[in-house]
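Rule-based calculations on the coordinates, nothing more; no lab input. None of the values given here were measured: they were computed from a predicted structure. Neighbour counts run over all protein chains shown; Cβ positions are idealised from the backbone, glycine included.
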Amino acid sequence: MKKNNILISPSILAADFSALGAEVTDIDNAGADWIHLDIMDGHFVPNLTIGPDVVSNLRKYTKKLFDVHLMTKPANNWIEPFSTAGADIITVHIEAEDDIKKTLQAIRNLGLKAGVSIKPSTSENILEPYLNYCDLILVMTVSPGFGGQKFMRSQLEKISNIKKMIEKKGLNTLIEVDGGINLETSKLCIDAGADVLVAGSAIFSKNKSKYSHLIQSLRNES
Ligand code: DX5
Ligand code: ZN
């Protein structure tokens, strides 16, 4: 994937779930680059969210790229259903499958971009053998499962280490950061090497007129 300016991928986990279509339209109009969809199975993480039927219904509301974050174990059985539902990127947790290379190849074989995510407790060193098989690394800066948690500063070094690994191999792999992103922590992530920022609770609220300004501010461009 080509590197560009900082991309913002709002997580609809913090949106009004009784009006998801309207929320997706609003966040699209406010300038979101991607739409981040958190898929939780109540097993890999202690929470439940949405399945492929909700994702395919949301597809009608935006042409923006669907950034599907699978927090399921196993992950393999969900790749095809979410591809059919309209995912553009599918990111799987390295902790969720034994043969992650096979999983990433299955995603790419469907014509999608493949991402690998790591929990805060997982060392970035285990990513090294898989860098050639993915388009994106998703660094979790909270323990996966819930929105609105505090950003873990301990993960900043992991972001810069992954950046070095990518550069050493001459790859264009994007680094996405997810969890506790706000106007302060976004800057720290960008300085550490992030390309894409996920933000849920920092964007979604009853005050939809603020979405555009918040997205722009998270990019830290001006
Ligand atoms: C957590 C999810 C995140 C979450 C982020 O497991 O992967 O995408 O929605 O929410 P905030 O931005 O509120 O930390
Ligand atoms: Zn997420």
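Using the count of nearby Cβ atoms within 10 Å as a rough guide to exposure, how do 152, 71 rank from fewest to most?
Result, fewest neighbours first: 152, 71.
Could you put 190, 107 in order, starting from the residue whose Cβ has the fewest other Cβ atoms within 10 Å?
The most exposed by this proxy come first: 190, 107.
With an 8 Å cut-off on Cα pairs and a minimum separation of 6 or more residues, tell me the relative contact order of the chain in percent.
22
Can you list which of the chymotrypsin sites (Phe, Trp or Tyr not before Pro) found in segment 140-222 are DSSP loop residues with at most 16 other C-beta atoms within 10 Å?
The qualifying sites are 146.
When the chain is treated as a GNM, springs tying every alpha-carbon pair under 10 Å, which of 52, 129, 120 comes out with the largest mean-square fluctuation?
Maximum fluctuation in the GNM of the chain, among the listed residues, is at 129.
Return the long-range amide H neighbours of residue 138 (sequence gap of 5 or more, or a different chain), with a cut-off of under 5 Å between placed amide H atoms.
Amide H neighbours of residue 138, under 5 Å, 5+ apart: 116, 117, 118, 176.
What's the FRET efficiency of residue 171 with residue 19 using the Cβ-Cβ distance as r and R₀ = 35 Å, to the nearest 0.05?
0.35
Taking θ as phi - 60°, what are the ³J(HN,Hα) couplings along segment 39-54 by the Karplus curve (6.51, -1.76, 1.60), each to the nearest whole Hz, with x for Gly and Pro?
These are the phi-based 3J(HN,Hα) values: 10, 10, 10, x, 10, 5, 9, x, 7, 10, 10, 10, x, x, 5, 5 Hz.
Suppose we flag GluC sites (Glu not before Pro) only when DSSP calls them loop and at most 14 other Cβ atoms lie within 10 Å. Which is the longest uninterrupted stretch of the chain?
1-183
Between residue 205 and residue 53, what is the FRET efficiency for a Förster distance of 41 Å, r being their Cβ-Cβ separation, to the nearest 0.05?
0.95
In a Gaussian network model over the chain where Cα atoms closer than 10 Å are linked, find which of 186, 212, 11 has the largest mean-square fluctuation.
212
Counting just the Cα atoms, what span does segment 19-139 cover along each of its three principal axes? Round to the nearest Å and put the largest first.
40, 29, 24
Test of understanding: in a Gaussian network model of the chain with alpha carbons linked when under 10 Å, which of 72, 122, 173 would top the mean-square fluctuation ranking?
Comparing 72, 122, 173 in a Gaussian network model of the chain, the most mobile one is 122.
For a footprinting-style exposure proxy, rank 38, 191 by other Cβ within 10 Å, fewest first.
Exposure proxy ranking, most exposed first: 191, 38.
Using only Cα positions of segment 82-222, each an equal point scatterer, no hydration layer, compute I(q)/I(0) via Debye at q = 0.09, 0.10, 0.11, 0.12 Å⁻¹ and quote the log10 values to two decimals.
Reported log10 I(q)/I(0), two decimals: -0.28, -0.34, -0.42, -0.50.
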